[in-house]
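*Asks:* Please find one structure pasted underneath; my questions will follow.
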Amino acid sequence: MPYLGPGIDNGYRSRFIYTATAGQTSFSGGDSQGITLTYTDSEYLDVYQNGVLLVPGDDYAATTGTTVVLVQGASLNDKVEMIQYQAFGVADTVSRADGGAFGGNISTSGTLAVTGASTLTGGIANGVTINGTTPTLTIGDAGAEDAKIVFDGNAQDFHIGLDDSADSLIIGKGSTLGTTTSMAINADGIITKPLQPAFLVTKTSNRDNLPIGADELVAFDTEVFDQNADFASNTFTAPVTGKYFLSSTIRFDTFDTAADYYILKIETSNRNYIKITNPKFPADGNFLHPTATVLADMDAGDTATIQVNQSGGTAQTDVIGNGQYTNFSGYLVA
């Protein structure tokens, strides 16, 4: 039966032949065929002199991987031949059918195709580098399916993915695309943040006859929207530390020209922001409609409310609701 294994041209045996000079002991470099002597393990190296197999240690030394040294110098024109065998063990293989693990580096000059799930461990902790003049990482094959990257955290997972049905890039919490979306970028480049703190509340009922000389909390009884559920009991509570844009408009009816001033105040845990109006008109007026706005620095857990105050005059001024004239709004900017 003919031999079915790999041939010697596949590197499992290498042969080096030298013609000795008188008294030559050291053999290295190119042989008579120009092949450079190399071996990886002297246990897999046979040395012959004129066809006679020499004994390692007694007849020669092979320790460097590139040189063989005879104990006794050769005669002129002796043929010194070395045959190097490459060790091969079935145990040091990875099964095509059952799989396994490579213990060393793997490289390929062609295309590496992987079907099924892939897990990278060990060196992946040091990062992945994609080289080339135009390095590109493509996820997906132009099919009508969602594609995503999941960041598997200790306490919380996050994902970045393509919602193919909506043609939107999604960033969100959890490992399932679209479960809790923090940011969505649609095909037109429009960015929405469904969980970004933002609110608008209004007042539908009137507060008649404001007292004189005391701050009074404005009661807002209707939520137009409260995107992150941060507004309750007439109070906005900052969920995270950041810069918040806050704005309020109040309608004062039947204002008293004898009053020293009217105050509209955005009161936060850190500081107050005051809009003051001097009602010095020839006669009492039908209404005032001041607005106060600020970009406020708030820590997580800080609160913001709206206060009004009439200094001096007669307690005749009303705060008008009607769901349109008096409101309070805000959102997280940065």
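The values are calculated or read from the model by the stated rules, or taken from the named source; none is laboratory data. Every value quoted in this text rests on a predicted model; they were computed, and no experiment measured them. When we count neighbours, we look across all protein chains shown, and the Cβ atoms used for this are built from the backbone with ideal geometry, even at glycine.
*Asks:* List the number of the failed condition for residue 9; all other conditions in (1) exposed (fewer than 12 other Cβ atoms within 10 Å of the Cβ); (2) at pLDDT 95 or above hold.
*Replies:* Answer for residue 9: the failing condition is (2).
*Asks:* Have a look at 244, 262, 325 and point out the one that is surrounded by 18 or more Cβ atoms within 10 Å (Cβ to Cβ), farther than 20 Å from residue 216 by Cβ and in the same structural domain as residue 212 (by TED's automatic domain parsing).
*Replies:* 244
*Asks:* Please indicate, with yes or no, whether at least one residue in segment 242-257 is among the small types (Gly, Ala, Ser), at negative phi and without any contact (Cβ under 8 Å) to a residue 60 or more places away in the chain.
*Replies:* Within segment 242-257, none of the residues are among the small types (Gly, Ala, Ser), at negative phi and without any contact (Cβ under 8 Å) to a residue 60 or more places away in the chain.
*Asks:* Any residue in segment 80-109 that is under 30 Å from residue 18 (Cβ atoms) sitting within a Cβ distance under 9 Å of a residue that is exposed (fewer than 10 other Cβ atoms within 10 Å of the Cβ) and modelled with pLDDT of 80 or more? List the pairs, counting only those 6 or more apart or interchain.
*Replies:* Pairs that qualify, where the first residue is under 30 Å from residue 18 (Cβ atoms) and the partner is exposed (fewer than 10 other Cβ atoms within 10 Å of the Cβ) and modelled with pLDDT of 80 or more, are 81/51.
*Asks:* Next question, about the same structure. Could we say that residue 137 is loosely packed, with under 10 Cβ neighbours inside 10 Å and either without any contact (Cβ under 8 Å) to a residue 24 or more places away in the chain or at positive phi (or both) here?
*Replies:* Spelling it out, residue 137 is indeed loosely packed, with under 10 Cβ neighbours inside 10 Å and either without any contact (Cβ under 8 Å) to a residue 24 or more places away in the chain or at positive phi (or both).
*Asks:* Right, here's the next one. Of all residues in segment 69-86 being within 56 Å of the chain's Cα centre (by Cα) and in a strand (DSSP E or B), which is surrounded by the most Cβ atoms within 10 Å (Cβ to Cβ)?
*Replies:* My answer is 84.
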